[in-house]
1. What Rg and what Dmax come out for the stretch 2-151 when only alpha-carbon atoms are used, in angstroms?
2. Quick one: length gained pulling residue 24 to residue 41 fully straight, 0.36 nm per residue minus the C-alpha distance?
3. Measuring from label point to label point, each 7 Å out along Cα→Cβ, what is the residue 48 to residue 67 span in nm?
4. Ranked highest first by the average count of other Cβ atoms within 10 Å around their residues, in what order do 59-71, 92-104 fall?
5. Determine the dipole magnitude for the chain: charges of +1 sit on the beta-carbon of Lys and Arg, -1 on that of Asp and Glu, nothing else is charged, the reference point is the Cα centre, and the result goes in debye to the nearest 20.
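Bear in mind that the values in this text are calculations on the coordinates, not laboratory data. Values in this document were obtained by computation on a predicted structure and should not be read as measured data. Here the Cβ positions follow ideal geometry from the backbone for every residue, glycine too, while neighbour counts run over all protein chains shown.
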Amino acid sequence: MAALEEPLDLALAHLQRRLGDQLHSIDALSNKTSVTLGFVLATLAALVGLDRQALLGHAVASAASFSLLVVSSVVRVRSSRISNYNDPPDPVKLLRLVDENPNTVGRALLGSLAEAVTHNQRAIFARFHWVNAAMDLYWLGVIIYAVGVGLI
């Protein structure tokens, strides 16, 4: 039995570290999303705040840029709505294991942590997908406006 405890402890430590890294990544991504949303909205406000004649003189570029910035904002808000992450162990399940032997508890924790890491990885990937899509739309809107104003 002692031979199983060492690999089990090693696996638990590794998964705990991975889960901690994921939860830190989630916090950082939330902060990044908030900051970039503010940046997109500030750019949108600057575009809307331009003189009407400046916008009408470049109507196509202005309309395309405005549309892309609005869609970028919506997509960025969508990315912040994904919030279903796992942070095990579940206290109720853990209480059920109090009287079990250490290997049984360790294996249950290992399964719970592995499931959480897998679930969180999918959720983080989905969230990054939306954040990256919003950033691409933002830059496309800025480039369209800059090129449209520069060419006309």
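1. So, for the stretch 2-151, Rg and Dmax equal 23.6, 79 Å respectively.
2. Here the segment from residue 24 to residue 41 would lengthen by 3.5 nm.
3. It works out to 1.8 nm between the two label points.
4. Peptide ranking by packing, descending: 59-71, 92-104.
5. Computed charge dipole of the chain: roughly 640 debye.
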